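The block underneath contains the structure these notes are about, expressed in structure tokens.
The values are calculated or read from the model by the stated rules, or taken from the named source; none is laboratory data. If you're wondering where the values come from, they're calculated on a predicted model, not measured in any experiment. Note that each Cβ is placed from the backbone with ideal geometry, even for glycine, and that neighbours are counted across all protein chains shown. For accessibility, only protein heavy atoms count, side chains too; no ligands or nucleic acids. Shrake-Rupley method; radii C 1.70, N 1.55, O 1.52, S 1.80 Å.
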Amino acid sequence: MAETSHKQPVEAWITGIGLATSLAEGLDAHWDVLAQRRVNVDTTGFAPYIVHPLAPLSFDKQIPKKGDQRQMEAWQRIGTYAAGLALDSAGIKGNTEILSRTDMIVAAGGGERDLSVDSAVLNSEAHGDSPPGALNERLMNDLRPTLFLAQLSNLLAGNIAIVHGVTGSSRTFMGEEEAGVDAARIALARIAAGQSDIALIGAAQNGERKDLLMLYEFGDFNLKDNYAPVFSRGDKGGFALGSGGAFLVIESKAHAEARGAKPYARLTNVVADMSRRRAPGDVTVSMDKLWAQLGPLHDNAAIITGATGAEPATAEEAAFLRAHAAHPVRATGTAFGHVMEAQFPLGIALAALSLSRGALFPANDPSGLEIETATAPDQIVVVGAGHWRGEGMALVEAIR
């Protein structure tokens, strides 16, 4: 590990962005569909629940071996694909020297179930005639080698390492939305301290899963029946799960300059908190505290929020946003759905993309929280409040 004796923190640049979502694949395509205020939702396939399905992808382009694809479930294929896009964007795809020392920090859920196997096991057990040991035998014989009960969360990082050759240090964080915050926070801290030169961070989710919808229905979090933008869902609220992956390449300024990389933006600060959420307004108080920790903010700073739509967290976040109404707001959940662990990396990716394009993409919510602006921001605050716990913010700045 490198020495950490730097008197000043090392500047961290975002040099690669990989997006594969319900809207599109790649940066130009995303910018176009955001400008068109397009939303891709499925209101019938999982009725009464609303889902943002993955846009069509040819996984062969980033995962050329069919065997690699077969041993992954959808969330891993999405993440491995988006990671490859980020490496391409940064210009380091296939560069074994750089990839061998590229750190990887992945935010991941608990993996996917194999519903057909689950159903077969439950049906056989329900008849009461299964011999001793039948459950273990079915699980060992019917599930692929990488899947036992549920896929392990760190398999996404493992598949990225295998497919793309990213073989530096590897970390996997779990904890829903807050895992994405911590992935960015730890990557920035390591680069700022001189412990890392370059890192690949991100997450992915397959929202088109009956088991996941069932899990969140137990908490009454799902959006049902009719789609609406995040801040226009009323008192009941709810999130619409989205499928997608968001990955970033973050590296020190010196490392980027030495290889001639062009940055999208600078990641200046990432802060996190976990309010107790026992009293009304706890989320608002937590976000006010994080806002004060970000550093000097300009009058033309904008906000990109990963507000989920679930209540009461979304209403309390909206109260915070109204207190900062001078800064234009965009909510990723409206267009992309809620991609859970990937929501915060997605916000940082869109912030960096917007700053590199010199504009903020159009508003897409009639609630009044999102307003149009003709002013090009040079700072964007990325806000994330979990549907149930955890808050985070990042400050992303333009590089002139």
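Restricting attention to the range 258-278, the residues that are under 18 Å from Ser354 (Cα atoms), buried (at least 18 other Cβ atoms within 10 Å of the Cβ) and more than 19 Å from the chain's Cα centre (by Cα) add up to 1. Of the residues contained in the range 178-192, none is found to be open to solvent by 20 Å² or more (accessible area, probe 1.4 Å), touching a helix residue (DSSP H, G or I) at 6+ places or on another chain (Cβ under 7 Å) and either at pLDDT 95 or above or closer than 29 Å to Asp273 by Cα (or both). Return yes or no: is Ser286 assigned to a loop (DSSP other than H, G, I, E, B), surrounded by 13 or more Cβ atoms within 10 Å (Cβ to Cβ) and touching a strand residue (DSSP E or B) at 6+ places or on another chain (Cβ under 7 Å)? Against the criterion (assigned to a loop (DSSP other than H, G, I, E, B), surrounded by 13 or more Cβ atoms within 10 Å (Cβ to Cβ) and touching a strand residue (DSSP E or B) at 6+ places or on another chain (Cβ under 7 Å)), Ser286 does not qualify.
Of the residues making up the range 20-62, just one is touching an Asp or Glu at 6+ places or on another chain (Cβ under 7 Å), open to solvent by less than 40 Å² (accessible area, probe 1.4 Å) and either under 30 Å from Ile399 (Cα atoms) or not hydrophobic (A, V, I, L, M, F, W, C) (or both), namely Pro53.
For Gly392, indicate whether it is assigned to a strand (DSSP E or B) and open to solvent by 10 Å² or more (accessible area, probe 1.4 Å). In short, no.
Going by the conditions given, is Ile105 open to solvent by less than 70 Å² (accessible area, probe 1.4 Å) and closer than 28 Å to Gly238 by Cβ? Judged against the criteria, Ile105 is not a match.
I'd like the residue in the range 172-188 that is in a loop (DSSP other than H, G, I, E, B) and not aliphatic (A, V, I, L, M) and, out of all such residues, is farthest from the chain's Cα centre (by Cα). Checked the range 172-188; the qualifying residue farthest from the chain's Cα centre (by Cα) is Gly175. Would you please name the residue that is surrounded by the most Cβ atoms within 10 Å (Cβ to Cβ), looking only at residues in the range 356-389 that are of a type in the set (Gly, Ala, Ser) and within 27 Å of Thr15 (Cβ to Cβ)? Step by step, filter the range 356-389, then rank; the result is Gly384. One residue stands out in the range 315-341 among those that are open to solvent by 10 Å² or more (accessible area, probe 1.4 Å) and of a type outside the set (A, V, I, L, M): the one that is nearest to Val106 (Cα to Cα), namely Glu341.
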